[in-house]
Amino acid sequence: MISERAYWVAWSQARGVGPVLLKRLHSHFGSLAEAWQAPGYELLAVEGIGLGMGTALLEYRQSISPLQVLSNQESRCPNFWTPGDPDYPALLFEITDPPPLLYYRGRPELVRALQTLPTVAVVGTREPSSYGQSWTRRLVQQLVAHHVIVVSGLARGIDRHAHSQALSSGGLTIGVLGTGVDQAYPLSNRDLQAQIAEAGLLLSEYANGTPPDRGHFPRRNRIIAGLSRLVVVTEAPRRSGALITARLANDYGREVFALPGSLDNPCSSGCLDLIAQGAQMVLDETTLVAELGRGPYLASSPADPPSLALELAAVLAEIDHEPVSVDYLSQQLAKPTGELLSSLAQLELLGLITLLPGMRYQRC
């Protein structure tokens with residue numbers, strides 16, 4: 001018996017058949033195996049299939065073997081899921097245009113955690129202010145403490161801060177790429193991408209070896225939105241890919257949150273527009289957790305804060321939410337700079353503080 005997986009691969013390679021039409025075929029027939037066997041007049045009952053396309057699909061079905069197509073695909077790149085596989089994220093398949101092939105790299109068992117743990121997308125501008133960076137890290141730290149999986153797009157800026165804070169706090173994170181999962185883009189995120197491949201999961205609808213392309217990134221945003229229960233935009237100008245993710249999330253019936261910012265900061269204008277259009281405001285670190293708690297997907301209590309050695313605790317006590325310099329800390333604590341930097345690095349790795357430009361530190 002040919003598996004449903006083979007039919008997803010075969011249908012996905014038919015000319016003119018994209019994710020939306022594939023989902024319609026599946027919904028109409030109940031499976032793509034049934035759609036493959038359906039007579040031509042039944043194909044015409046599917047929205048989007050006219051006489052010309054119907055004729056082409058009948059010819060296509062007669063010209064190939066789904067098993068052979070699957071074998072060829074698996075030989076080129078074996079690490080992928082289709083909606084016919086049990087590991088395909090169920091939440092993602094709910095959207096109107098789920099990717100027919102989802103390539104992965106990293107810990108595939110993390111997908112099973114999606115069945116029991118909530119997911120939140122954290123996205124924003126590639127050029128964040130210190131305010132946007134700080135609040136991104138503070139929100140992600142709180143999400144990780146409540147065992148939430150953090151999803152983002154592995155771009156520069158807010159995405160990078162979301163992923164790196166999730167990892168440094170000991171949490172789970174998923175990076176959704178607009179390239180193949182074996183490609184590092186941007187190159188400045190190569191180190192972070194390697195860390196996610198080791199401790200989290202990288203996903204893409206593009207096959208291995210696919211280079212970056214301007215059109216890929218808006219499309220990958222639908223996967224970020226589709227994987228997530230909530231989407232939060234922490235800082236974004238009016239022309240930002242993060243707003244595409246927010247719009248898609250709204251179309252998919254997911255909650256959208258935005259972090260309010262200064263009217264004088266152009267990078268906050270997109271967030272303020274979202275709030276004016278009905279997005280919920282992030283008022284403090286617990287806003288997202290409280291919203292998740294109102295649904296059926298948050299059952300765990302916050303993780304205990306790490307116990308600190310007295311020396312580290314003393315350094316942390318001098319750092320508040322207002323940035324402070326290394327020189328200031330050295331004077332306040334009467335510690336040599338070299339010794340102080342070691343303590344600061346440990347606190348940063350624990351996700352308790354964040355390093356800002358100019359060697360200033362701020363509590364997360």
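The values are calculated or read from the model by the stated rules, or taken from the named source; none is laboratory data. The shown structure was predicted, so the numbers you read here are calculated from the model rather than taken from an experiment. Counting neighbours? That spans all protein chains shown, and the Cβs are built from the backbone with ideal geometry, glycine included.
Within the range 323-364, track down each residue that is acidic (Asp, Glu) and either over 29 Å from the mean Cα position of the chain (by Cα) or assigned by TED's automatic domain parsing to the domain that holds Glu127 (or both).
Result: Asp327, Glu339.
Which ones in the range 245-268 are more than 17 Å from the chain's Cα centre (by Cα) and surrounded by 17 or more Cβ atoms within 10 Å (Cβ to Cβ)?
Leu259, Gly261, Cys267, Ser268
For the range 319-364, how many residues meet the condition of being touching a residue at least 40 places away in the same chain (Cβ under 8 Å), surrounded by fewer than 18 Cβ atoms within 10 Å (Cβ to Cβ) and in contact with a helix residue (DSSP H, G or I) (Cβ under 6 Å, 6 or more places away or on another chain)?
Residues that pass the stated criteria total 2.
For the range 116-125, indicate whether the set of residues that are without any contact (Cβ under 8 Å) to a residue 60 or more places away in the chain and aliphatic (A, V, I, L, M) is non-empty.
no
Test Asp97 against the stated conditions and say whether it is surrounded by 15 or more Cβ atoms within 10 Å (Cβ to Cβ) and not assigned by TED's automatic domain parsing to the domain that holds Gln183.
The answer is yes for Asp97.
How about the range 247-269: which of its residues are under 17 Å from Arg126 (Cα atoms) and touching a Leu at 6+ places or on another chain (Cβ under 6 Å)?
If the condition is that a residue be under 17 Å from Arg126 (Cα atoms) and touching a Leu at 6+ places or on another chain (Cβ under 6 Å), then Ala258 is the only one that fits.
Please find, among Tyr103, Tyr131, Tyr185, the residue that is in contact (Cβ under 8 Å) with a residue 12 or more places away in the chain, on the phi < 0 side of the Ramachandran plot and assigned to a loop (DSSP other than H, G, I, E, B).
Answer to the selection: Tyr185.
Per-residue answers, yes or no, for (1) surrounded by fewer than 20 Cβ atoms within 10 Å (Cβ to Cβ); (2) in contact with a Ser or Thr (Cβ under 6 Å, 6 or more places away or on another chain); (3) assigned by TED's automatic domain parsing to the domain that holds Thr286; (4) acidic (Asp, Glu):
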residue: Tyr104; (1), (2), (3), (4): yes, no, no, no
residue: Gln115; (1), (2), (3), (4): yes, no, yes, no
residue: Ala121; (1), (2), (3), (4): no, yes, yes, no
residue: Pro128; (1), (2), (3), (4): no, no, yes, no
residue: Gly132; (1), (2), (3), (4): no, yes, yes, no
residue: Val144; (1), (2), (3), (4): no, yes, yes, no
residue: Val150; (1), (2), (3), (4): no, yes, yes, no
residue: Leu154; (1), (2), (3), (4): no, no, yes, no
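Are any of the residues in the range 156-171 out of contact with any helix residue (DSSP H, G or I) (no Cβ under 9 Å at 6 or more places or on another chain) and in a loop (DSSP other than H, G, I, E, B)?
No, the conditions are met nowhere in the range 156-171.
Considering every residue within the range 62-79, establish whether at least one is within 21 Å of the chain's Cα centre (by Cα), farther than 29 Å from Cys364 by Cβ and either modelled with pLDDT of 95 or more or β-branched (Val, Ile, Thr) (or both).
Yes; the residues of the range 62-79 include at least one that is within 21 Å of the chain's Cα centre (by Cα), farther than 29 Å from Cys364 by Cβ and either modelled with pLDDT of 95 or more or β-branched (Val, Ile, Thr) (or both).
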